[in-house]
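Structure record follows, encoded as structure tokens.
The values are calculated or read from the model by the stated rules, or taken from the named source; none is laboratory data. Computed from a predicted model, the values in this text were never measured in an experiment. Note that we place each Cβ from the backbone using ideal geometry, even for glycine, and neighbour counts take in every protein chain shown. Only protein heavy atoms, including side chains, enter the accessible area calculation; ligands, DNA and RNA are left aside. Shrake-Rupley method; radii C 1.70, N 1.55, O 1.52, S 1.80 Å.
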Amino acid sequence: MGKHSTTNPDDPNSQLQSPQSLVLECLQDRISNPVCVDSYISQELTSTQTALSITQKTLSMAPRRTQTKAGPSGLKQTDIGVFFGLKSLNEKKAEEEVKATVREADQQGSRRARISETQGEDAKLQGRRRRKSKAPSEVSSVSPAAEDGTTRPTQTEGKPGGRAERQKRWNRGRATDGDPKEPKRCPFYKKIPGTGFAVDAFQYGVVEGVTAYFLTHFHSDHYGGLRKDSVLPIYCNKITSNLVKSKLKVDEQYVHVLPMNTECMVQGVKVILLDANHCPGAAMLLFVLPDGQTVLHTDDFRADLSMERYPELQGLRIQTLYLDTTYCSPDYTFPAQQEVITFAVNTAFEQVTLNPRTLVVCGTYAVGKEKVFLAVSEVLGSKVCLSKDKYNPMCCLESEEIGRRITTDWQAAQVHVLPMMQLNFKNLRTHLIKFSRKYDQLVAFKPTGWTFNQSVRVEDIQPQTQGNISIYGIPYSKHSSFLALKRFVQWLQPKKIVPTVNVGSWRSRKAMEGFFREWSNQNSGYKNTRLI
């Protein structure tokens, strides 16, 4: 700084002192008096601590002088800035801390908003209202929790029934960013009341109150959720257990095998597995509870007259029937399975007889269409070829007949098995070209109930044809037709019916309730049957 003149107040001719000279004189006086300096430093430290702990008030108050480290000359730069109306360095620091805290709070609010979008939007609106309505001294008030990056509920928020409790309930069961999604809630028709049992409920994870998980058969919509690392206690028959261990690699210690047509005790409940006529290993579950209640869970099944001769069902009154209602509609009155198989066998034999260079293809899922392609291979005297992925599950079925028929050598078989989804003209043409040296025509069978046309008799089914490729859609279903369901239910005469398929809509449930009521009216011993 330049030179500044000093004045004598008693001298009328003296010049007025500049502001800079006044500041310098004040500072020199304080520095020359140690007691004053110590007191001044103590005051400034106290004001600095106050500014840091109550930053809101710091912003709203008039600028105060704060202590900083003195330079070599012993002059404090902050005091000079304050004299000219500038903010002290401590105030600037406090203001920056407040801004950082507000930014951090906003970031935390954003994260909470991602947890619950609706709740977050409400919180943002409330936060804006509070910031607009509060005074500046209130906005910048910082709590220790905010400083260390955490948030803690107040006493009011923590009380039962308070806002925090309501928010906790609202977010319960909702997945947050970065966390695995919680499984769907297990529907009631998957659980057996009065027991700790669930049937084909693996996709729902660990179900509260369930201690035993039954697997009726090895179709993906039933074993879905099972993985190599699954530790749920699984109960099933031998064939299904073979498939679970072979295909899914589930540890053997968690798979409990129950014999077919044999009374077993599982957690104090009698359990009997009965053939469901659905696919290899498919089983109906008959439960006899400790109080004498009887429950039959058909799961996926194809009702057949032979079931009326099951010894385990003779003279037994079923209290609750869990029924496979996949085709519970008059639109689905399938022909008998054997009738469809006979049609496929006769058609294949006719085509091969007319042209020995005809390749026969049958569509299939993981398991379930074996009756069709085994019957065709038998009449043609040919092996059945499958991919290695299909071959291994076939070996798990413990069938000597299947073992003799199947192979993985495509050249050694005139009957090929392909996945159902590959049965279209493009894929079949590509498949035929691979074996063009041996075959120049292809006949394919797509056995599924969804191809059923009520206006067409089985013997009148016509193929879709493009060139030398023909595809027959044959109504071979592994589920019960409408008439088969009606006969089975009227014979069994259960007290209560729980449909397990097509229950997602009110209209579908009401339609099935009407069918069951009609069946009960036609059966004098079935008066009290009701739909659940």
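GluC sites (Glu not before Pro) within the stretch 207-273: which are DSSP loop residues with at most 15 other Cβ atoms inside 10 Å? Provide the component values of the computation, followed by the final result.
Values: sites: Glu208, Glu252, Glu263; in loops: Glu208, Glu263.
Filter output for the stretch 207-273: Glu208, Glu263.
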| Ignoring ligands, DNA and RNA, what accessible area per residue does the stretch 337-474 give at 1.4 Å, in Å²? | 50
| query | Full extension from Gln464 to Ala412: what is 0.36 nm times the residue separation minus their Cα-Cα distance, to one decimal in nm? | reply | 16.0 nm
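Sum up the charges of everything whose Cβ sits under 14 Å from the Cβ of Ser246, counting Lys and Arg as +1 and Asp and Glu as -1, but leave Ser246 out.
Numbers: positive: Lys228, Lys238, Lys245, Lys247, Lys249, Lys388, Lys390; negative: Asp251, Glu252, Asp389, Glu398.
Neighbour charge sum, excluding Ser246 itself: +3.
Counting only other residues whose beta carbon sits under 11 Å from that of Arg404, what net charge do I get with K and R as +1, D and E as -1? Mind dumping the intermediate values first?
Working: positive: Lys383, Arg405; negative: Glu378, Glu400, Glu401.
For residues surrounding Arg404, the net value is -1.
Restricting to the stretch 337-474, compute how many DSSP beta bridges are antiparallel as a %, nearest 5. Walk me through the intermediate numbers first.
On the way: 3 of 24 bridges.
Percent antiparallel among DSSP bridges in the stretch 337-474 is about 10.
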| remark: For the stretch 430-444, in residue order, the Karplus 3J(HN,Hα) values (coefficients 6.51, -1.76, 1.60; θ = phi - 60°; whole Hz; Gly and Pro = x) are 4, 5, 5, 4, 4, 10, 5, 5, 10, 10, 10, 8, 9, 10, 10
| task | Give the carbon-plus-sulfur fraction of the accessible surface of the stretch 337-474 in %, rounded to a whole number; probe 1.4 Å, heavy atoms of protein chains only. | result | 49
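Report the gain in length on full extension from Arg457 to Ser246: 0.36 nm times residue separation, minus Cα-Cα distance, nm rounded to one decimal.
On the way: separation 211, 0.36 × 211 = 75.96 nm, distance 4.05 nm.
Difference between extended and current length: 71.9 nm.
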| request: Please work out how many pairs of lysine residues in the stretch 337-474 are eight or more positions apart (or on different chains) and have Cα atoms closer than 24 angstrom. | output: 25
| message | Taking 8 Å as the Cα distance limit and 6 or more residues as the minimum spacing, I'd like the relative contact order of the stretch 423-525 as a percentage. | response | 23
| query | What is the stretch 337-474's relative contact order, in percent, from Cα pairs under 8 angstrom and six or more apart in sequence? | reply | 29
